[in-house]
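The values are calculated or read from the model by the stated rules, or taken from the named source; none is laboratory data. These figures come from a predicted structure and were not determined experimentally. No Cβ is skipped: glycine too gets one built from the backbone with ideal geometry, and neighbour counts run over all protein chains shown.
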Amino acid sequence: MPAVAIEFDDIGLTFAPASTAPTTALEAVSCGFEPGRVTALIGPSGCGKSTLLQIARGFLEPTRGTLRFLERANGKATARPAMSTVWQAFNLFPWLTVIDNVAFGLDLAGVTKSDRDARARRAIAAVDLNGFEDRYPRQLSGGMRQRVGLARALVMEPEVLLLDEPFGALDAQTRLVLQEQLARLVETSGTTAILVTHSIEEAILLADTILVMTARPGRIAAHIEVDLPRPRSMATTRDPGFSALFDRIYALLRDEVMRAMVGGQGGVQ
Amino acid sequence: MSVSPLAKDDAPVRTKPGYALLDDPRVLGWGSIVLVLVVWELAARLFNVSALYLPRPSQIVVALVTLFGSGGLAYDLGVTLWRIFAGFAIALVSGTLLGLWIATSFRARAVADMFIAALYPLPKITLIPLLIIWLGTGGPFMLTISFLGAIFPIVINTVLGVSQCDPGLVLAARDLGAKPQQIMRRVLLPSAIPSIFAGVRLGLGVSIILVVAAEMVVGKAGLGARLYLAGQILETEQVFAILIVLAMLGIIVTKVQDAVDAALGNWRVD
């Protein structure tokens with residue numbers, strides 16, 4: 001798999017609906033996402049983290065700046081690498097069973113029935129959902145649904161995995177278990193991942209690099225390397241290095257959240 | 001069917017078999033019909049009511065058997081069913097496609113909104129004279145009247161169902177590589193199926209009403225025509241017999257729809 005880096009150069013996005021005043025969601029964002037690494041985007045509500053993800057995916061066109069995909073080997077520009085998204089709201093198709101949800105993308109791509117079944121079963125096993133292949137999403141708990149969401153993205157073998165607040169809709173305990181599970185998956189697969197999150201803990205546990213964003217209009221306020229050893233787990237949270245990072249990010253975010261609240265934009269965390 | 005909203009959760013479980021029988025909705029439903037028939041039969045005999053005015057259930061059963069046996073009612077039933085379901089099937093296919101198009105195209109929607117607003121509230125039965133002028137009273141007329149009964153609820157409910165599709169599902173499908181055609185067929189259509197089926201329920205009911213009514217006005221064959229004829233020559237047993245056939249048709253259609261509805265449970269998001 002050719003390693004491709006994603007580069008945001010001075011990217012901005014202003015929504016200009018005809019009826020109301022234009023809103024600037026992103027302002028001059030420059031940052032890079034290295035191949036084979038996990039980068040977390042963290043910031044106050046409404047700062048444009050998810051917007052950034054949608055631009056990378058190609059679902060939103062920036063109104064300024066350039067988005068580049070560069071081959072790691074020679075620095076040449078290349079096409080958008082294969083990407084798959086894991087969504088906060090899971091977005092599973094309620095009329096399809098677990099296995100048909102996971103195989104949906106393969107089916108669209110014209111993979112034969114026996115081949116996509118085998119691949120979907122492997123992906124389902126990777127998220128520990130063996131035996132649930134023929135259930136419907138409504139028969140599963142929130143945590144299990146998101147594991148289906150994860151399997152559905154992983155089965156596409158994306159070069160870049162986009163995680164849009166993947167555990168935001170889950171309760172605290174389920175979240176912990178899934179964070180550990182995801183940490184294992186990204187550590188072993190070596191895939192490039194961009195994680196949008198509200199949780200400092202989640203960012204530190206999963207990411208190699210953390211980008212802290214400002215309140216709207218979003219910019220990159222800080223670029224923090226996480227050099228804690230892998231594999232990481234709940235035990236990592238007791239590492240003194242973890243506490244130092246947590247405090248540093250919290251201090252940055254606290255100011256931004258306050259600014260977002262005073263500015264009247266974005267929500268209260 | 002579902003539990004009554006007034007049912008008490010903490011009501012003690014009854015163990016006497018006599019009571020348990022009365023807790024079965026099927027026993028209650030069929031039992032009450034049998035009871036009404038028995039009371040009817042006895043009252044008609046007791047008060048010696050004229051069969052011209054109110055025939056007894058036993059006389060109606062005899063008329064029903066005769067009509068099916070030598071009176072050719074099976075043929076009329078077949079003709080009516082064909083008219084209803086052929087027109088309805090055309091409405092289902094074209095209405096679903098039209099609804100998908102209206103829901104996904106801004107221009108189609110703007111145009112269709114006006115036509116639907118003008119035509120939907122119009123009682124379709126008022127179109128019978130015009131349709132006879134245009135189409136005569138044969139097969140094309142009957143198919144058109146059945147089609148017109150079903151098409152509006154199906155289009156409207158398809159548009160509604162597609163418009164209410166969770167945008168997250170569309171994004172997820174795009175993320176997995178779906179093209180617009182595939183999104184329409186694999187996401188918008190299935191997510192609208194419960195709503196489309198609600199339109200089917202309404203539409204099929206209107207189709208049945210319209211076909212029988214049209215048969216009463218102009219038909220030479222069909223249940224409506226036989227009903228009207230029997231009424232004119234004061235064959236009251238036959239009138240009741242045909243009404244019973246229509247009622248049975250209603251029960252079968254409703255029960256099949258209930259079964260389809262239950263099977264569609266997996267389509268619903270919770």
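For the range A:239-268, the set of residues classified as farther than 20 Å from residue A:208 by Cβ and either modelled with pLDDT of 90 or more or more than 24 Å from the chain's Cα centre (by Cα) (or both) consists of A:251, A:258, A:259, A:261, A:262, A:263, A:264, listed by residue number.
Within the set A:51, A:63, A:24, the sole residue that is closer than 30 Å to residue B:186 by Cβ and hydroxyl-bearing (Ser, Thr, Tyr) turns out to be A:51. Would you say residue B:154 is crowded, with 21+ Cβ neighbours inside 10 Å, assigned to a helix (DSSP H, G or I) and at pLDDT 95 or above? Answer is yes for this residue. Residues that are at pLDDT 90 or above and either crowded, with 18+ Cβ neighbours inside 10 Å or of a type in the set (Gly, Ala, Ser) (or both) within the range B:129-149 comprise B:131, B:141, B:142, B:143, B:144, B:145, B:146, B:147, B:148, B:149, listed in sequence order. Taking the range A:226-237 as the range and being assigned to a helix (DSSP H, G or I) and at pLDDT 90 or above as the test, no residue passes.
Out of (1) modelled with pLDDT of 90 or more; (2) closer than 14 Å to residue B:91 by Cβ; (3) not small (Gly, Ala, Ser), what's the single condition that is false for residue B:159? In the conditions (1) modelled with pLDDT of 90 or more; (2) closer than 14 Å to residue B:91 by Cβ; (3) not small (Gly, Ala, Ser), residue B:159 misses (2) alone. One residue is enough: does the range B:236-251 have a residue meeting the conditions more than 14 Å from every other protein chain (Cβ to nearest Cβ), assigned to a loop (DSSP other than H, G, I, E, B) and more than 14 Å from the chain's Cα centre (by Cα)? Taking every residue of the range B:236-251 in turn, none turns out to be more than 14 Å from every other protein chain (Cβ to nearest Cβ), assigned to a loop (DSSP other than H, G, I, E, B) and more than 14 Å from the chain's Cα centre (by Cα).
Any residue at all in the range B:239-254 that is farther than 24 Å from residue B:59 by Cβ and of a type outside the set (Ser, Thr, Tyr)? The answer is yes; a qualifying residue exists.
Here residue A:202 fulfils each of the conditions (1) assigned to a loop (DSSP other than H, G, I, E, B); (2) among the acidic types (Asp, Glu); (3) touching a residue at least 24 places away in the same chain (Cβ under 8 Å) apart from (1). Restricted to the range B:166-186, and to residues there that are within 19 Å of residue A:111 (Cα to Cα) and not in a helix (DSSP H, G or I), the residue that is farthest from the other protein chains (Cβ to nearest Cβ) is B:179.
What's the total number of residues in the range B:35-53 that are among the aromatic types (Phe, Trp, Tyr), in a helix (DSSP H, G or I) and loosely packed, with under 11 Cβ neighbours inside 10 Å?
Looking only at that region, the number is 0.
Looking only at the range B:188-223, which residues are β-branched (Val, Ile, Thr), crowded, with 23+ Cβ neighbours inside 10 Å and within 14 Å of chain A (Cβ to nearest Cβ)? Selection gives B:196 alone.
The residue pairs whose first member lies in the range A:17-38 and is surrounded by 14 or more Cβ atoms within 10 Å (Cβ to Cβ), whose second member is outside any strand (DSSP E or B) and acidic (Asp, Glu), and whose beta carbons are closer than 6 Å, counting only pairs six or more residues apart or on different chains, are A:37/A:208; A:38/A:208.
Here the condition is being within 23 Å of residue A:154 (Cβ to Cβ), surrounded by fewer than 21 Cβ atoms within 10 Å (Cβ to Cβ) and within 21 Å of the chain's Cα centre (by Cα); of A:79, A:118, A:109, it holds for A:79 alone. List the number of the failed condition for residue A:139; all other conditions in (1) more than 29 Å from residue A:48 (Cβ to Cβ); (2) in contact (Cβ under 8 Å) with a residue 60 or more places away in the chain hold. Exception for residue A:139: condition (2).
Got a sec? Which of A:163, A:170 is touching a strand residue (DSSP E or B) at 6+ places or on another chain (Cβ under 7 Å) and not in a helix (DSSP H, G or I)? Please lay out each step first, then the result.
Working: A:170 fails: touching a strand residue (DSSP E or B) at 6+ places or on another chain (Cβ under 7 Å).
Unique residue meeting the criteria: A:163.
Can you find a residue in the range A:61-68 that is β-branched (Val, Ile, Thr) and more than 9 Å from chain B (Cβ to nearest Cβ)? Within the range A:61-68, one or more residues are β-branched (Val, Ile, Thr) and more than 9 Å from chain B (Cβ to nearest Cβ).
Table: residues versus (1) surrounded by fewer than 23 Cβ atoms within 10 Å (Cβ to Cβ); (2) among the β-branched types (Val, Ile, Thr); (3) away from chain B (no Cβ under 14 Å); (4) under 12 Å from the mean Cα position of the chain (by Cα).
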residue	(1), (2), (3), (4)
A:150	no, no, no, yes
A:155	no, yes, no, no
A:161	no, no, no, yes
A:167	no, no, yes, yes
A:171	yes, no, yes, no
A:174	yes, yes, yes, no
A:177	yes, yes, yes, no
A:183	yes, no, yes, no
A:190	yes, no, yes, no
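In the range B:157-168, the residue that is nearest to the chain's Cα centre (by Cα) out of those that are among the hydrophobic types (A, V, I, L, M, F, W, C) and surrounded by fewer than 24 Cβ atoms within 10 Å (Cβ to Cβ) is B:160. Filter the range A:1-20 down to residues that are in a loop (DSSP other than H, G, I, E, B), under 26 Å from residue A:34 (Cα atoms) and not aliphatic (A, V, I, L, M), then give me how many there are. Qualifying residue count for the region: 1.
Flag not set for residue B:86, criterion: modelled with pLDDT under 90 and in contact with a helix residue (DSSP H, G or I) (Cβ under 9 Å, 6 or more places away or on another chain). The residues listed here are A:72, A:80, A:37; of these, the one that is basic (Lys, Arg) and within 14 Å of chain B (Cβ to nearest Cβ) is A:80.
Restricting attention to the range A:83-102 and to residues that are at the interface with chain B (Cβ under 9 Å from one of its Cβ atoms) and in contact with a Lys or Arg (Cβ under 7 Å, 6 or more places away or on another chain), the residue that is farthest from residue A:166 (Cα to Cα) turns out to be A:97.
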